[in-house]
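Quick notes on the structure that follows.
The values are calculated or read from the model by the stated rules, or taken from the named source; none is laboratory data. In this text, all values refer to a predicted model and were calculated from it rather than measured experimentally. Here the Cβ is made from the backbone with ideal geometry for all residues, glycine too, and neighbour counts use every protein chain on show. Quick note on the areas: whole protein, heavy atoms, side chains included, nothing else; ligands and nucleic acids left out. Shrake-Rupley method; radii C 1.70, N 1.55, O 1.52, S 1.80 Å.
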Amino acid sequence: MKLTTLVLFWILPLGLNAQDSAQKLSFQPTIHARSFWMSTSYQKDFKDDFAWGNSLSLGLKSNYLQKWYFRASIRGFLNTWSSDINANDPLTNRDNRYETGLFDLLNRGDKAFLSFENLSLAYKSTKWEIEIGRMGVNTPWINPQDGRLAPTLMEGLRLGFNPSSDWKVSGWFIHRLRVRGTKDWLRPGETVGIFPVARDVNGLPSQYFNNTESRSILISEVEKESDWGAFNFSNTWAAHLFSTYWFQWERDWNREEKTSFFFTGLQLGFQHGIRNGGNDNPLLAFKDPSDQNWVVSTRFGWKNPKIETHLSATILRGKGRWLSPREWGKDAWYTFIPRERNEGYESLEALTAYFSFQYRRNIQLFGHMGFHWLPDIGDPLANKYAFPSYRQVNLGVKFHPKNYQKLDFQILVMNKEALGLQNLSPTQRYNKVEMIHLNIIANWSLN
């Protein structure tokens, strides 16, 4: 980060010394405040938990000649009120999975702390974009996963090139990440294992946390708009770990001619291990280099000015586990539902449905339902997290007060239950199924 900071403060003054800079240079303060209530309740056996967390980001952004852009911010976190979320469940002796992620998973006793966030310089023209420093990132497999007090951010370099109005080529070099649920900027390999590591292919506790070597991530992406829809192809290459190829096609049918229209989507993915999987010792490695997996995901839906609904399906197959660190973002496939991921499996079948209704201009009601069929719990190679096949339901509302456009609220209620008559142990149920999970979120932002 020292090199990045020196580059930023060396380049920025070049624009500030130009003639009439007072008319061409603008500054704006940036503020983002988030208040997050989270609770998880079980019918019996396990301890219930809750946490009320708050965060406040303060910063500034500036632009010069509408071409040079500078951004800097710092965020404070506060555990305002919570149950004893850092105590293990008495029955299973397992950690709390949800509420602890609001704060610093690497320093669980901290009630209040700071994290340096954005510090970046960008140049934008008609065809080119370049940004260096600490910034947001949103790609298929490295993304904000903004479901806690602050999103995941990256440190590195971002490039964009638009050779024409219907083509875009992008690239990212990621040197460090500040993943959600932490305050520190870490190399990619150092972030792997911050979230639960589960079991290795032999059924023993995984040992890759603090033993994974991966110093960078390279992402390339090509986007194309055409009469046949939007095409996207990307590759996510994580040094020493894996390479993931991702293709997506989406089309809105007769959208220009109607207020209501059908839409379809298709995703194809392939992933393989590379180098040593993160460590020369297989017992300490994150991934088996010989792993090869493929996935197909589809979507069909309908939308009008008030209603959106779609049905999605995913099939995953291959040899070994499809792995993408949970610290790095949410699943890219269409069947992803907030508050659960389907990573760490050799095979998967998923079917999900979504419905949203715009009750008024400032009130949206929405819901997800998903069925996820996972490999046998007794097969650790195929089922990393010993997760049972499950059904998930999410119900929620989003609200924007009419007179306070910078303020928004969201309520989400989630329930997960095991599918069928599965004879599950307490450790196969706690943090996984038989729960009611509640989120109440308030956001306020300026610029």
Report, by residue number, each residue of the stretch 197-231 that is closer than 16 Å to L323 by Cβ, open to solvent by 50 Å² or more (accessible area, probe 1.4 Å) and aliphatic (A, V, I, L, M).
V201
Residue pairs meeting the criteria (Cβ under 6 Å; at least 6 apart or on separate chains; first at positive phi, in the stretch 434-447; second open to solvent by 60 Å² or more (accessible area, probe 1.4 Å)):
N447/Q28
Taking only the stretch 200-231 into account, find how many residues are touching a Ser or Thr at 6+ places or on another chain (Cβ under 6 Å) and charged (D, E, K, R).
2
Residue count, the stretch 232-263 (criterion: in contact with a strand residue (DSSP E or B) (Cβ under 6 Å, 6 or more places away or on another chain), open to solvent by 30 Å² or more (accessible area, probe 1.4 Å) and not hydrophobic (A, V, I, L, M, F, W, C)):
7
Within the stretch 291-336, work out how many residues are in contact with a strand residue (DSSP E or B) (Cβ under 6 Å, 6 or more places away or on another chain), aliphatic (A, V, I, L, M) and more than 18 Å from R391 (Cα to Cα).
3
Selection count, the stretch 398-430, where residues are farther than 20 Å from A350 by Cα, under 24 Å from the mean Cα position of the chain (by Cα) and open to solvent by less than 50 Å² (accessible area, probe 1.4 Å)
4
Which number in (1) assigned to a loop (DSSP other than H, G, I, E, B); (2) under 20 Å from D288 (Cα atoms) marks the one condition that W333 misses?
(2)
Top-ranked residue of the stretch 168-196 - restricted to ones that are among the aromatic types (F, W, Y) and outside any loop (DSSP other than H, G, I, E, B), ranked as most open to solvent (accessible area, probe 1.4 Å):
F173
Residues in the stretch 285-307 that are over 17 Å from N202 (Cβ atoms) and open to solvent by less than 60 Å² (accessible area, probe 1.4 Å) total 9
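A quick yes/no check of all residues on (1) open to solvent by 30 Å² or more (accessible area, probe 1.4 Å); (2) touching a residue at least 60 places away in the same chain (Cβ under 8 Å); (3) of a type in the set (A, V, I, L, M, F, W, C):
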{"site": "R75", "(1), (2), (3)": "no, yes, no"}
{"site": "N79", "(1), (2), (3)": "no, no, no"}
{"site": "T100", "(1), (2), (3)": "no, yes, no"}
{"site": "F103", "(1), (2), (3)": "no, yes, yes"}
{"site": "K111", "(1), (2), (3)": "yes, no, no"}
{"site": "K124", "(1), (2), (3)": "yes, no, no"}
{"site": "I132", "(1), (2), (3)": "yes, yes, yes"}
{"site": "T139", "(1), (2), (3)": "no, yes, no"}
{"site": "I142", "(1), (2), (3)": "no, yes, yes"}
Output for the stretch 308-330, where each listed residue is outside any loop (DSSP other than H, G, I, E, B), open to solvent by 10 Å² or more (accessible area, probe 1.4 Å) and either in contact with a Gly (Cβ under 6 Å, 6 or more places away or on another chain) or free of Cβ contacts under 8 Å to residues at least 60 places away in the same chain (or both):
E308, T309, H310, L311, A313, I315, R317, G318, K319
Scanning the stretch 356-378 residue by residue, those open to solvent by 40 Å² or more (accessible area, probe 1.4 Å), aliphatic (A, V, I, L, M) and within 30 Å of S425 (Cα to Cα) turn out to be M369
State which residue is farthest from G318 (Cα to Cα) when the search covers only the stretch 377-394 and only residues that are polar (S, T, N, Q) and in contact with a Leu (Cβ under 8 Å, 6 or more places away or on another chain).
N394
Log entry, pairs with first residue in the stretch 193-209 being in contact (Cβ under 8 Å) with a residue 40 or more places away in the chain and closer than 13 Å to P380 by Cα, second being open to solvent by 40 Å² or more (accessible area, probe 1.4 Å) and in a loop (DSSP other than H, G, I, E, B), beta carbons closer than 8 Å, six or more apart or on different chains, reads D200/Q207; D200/L283; V201/D288; V201/L381
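Residue-by-condition table, conditions (1) at pLDDT 90 or above; (2) buried (at least 18 other Cβ atoms within 10 Å of the Cβ); (3) within 26 Å of L149 (Cα to Cα):
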{"site": "K2", "(1), (2), (3)": "no, no, no"}
{"site": "T5", "(1), (2), (3)": "no, no, yes"}
{"site": "S21", "(1), (2), (3)": "no, no, no"}
{"site": "S26", "(1), (2), (3)": "yes, no, no"}
{"site": "H32", "(1), (2), (3)": "yes, yes, yes"}
{"site": "K44", "(1), (2), (3)": "no, no, no"}
{"site": "D49", "(1), (2), (3)": "yes, yes, yes"}
Need the failing condition index for L65 against (1) modelled with pLDDT of 95 or more; (2) under 24 Å from E131 (Cβ atoms), just the number.
(1)
Restricting attention to the stretch 251-268, does a residue exist that is at pLDDT 95 or above, on the phi > 0 side of the Ramachandran plot and over 25 Å from the mean Cα position of the chain (by Cα)?
no
Failed condition for L268, given (1) of a type outside the set (S, T, N, Q); (2) within 23 Å of H175 (Cα to Cα); (3) in contact with a Phe, Trp or Tyr (Cβ under 9 Å, 6 or more places away or on another chain); (4) in a strand (DSSP E or B):
(2)
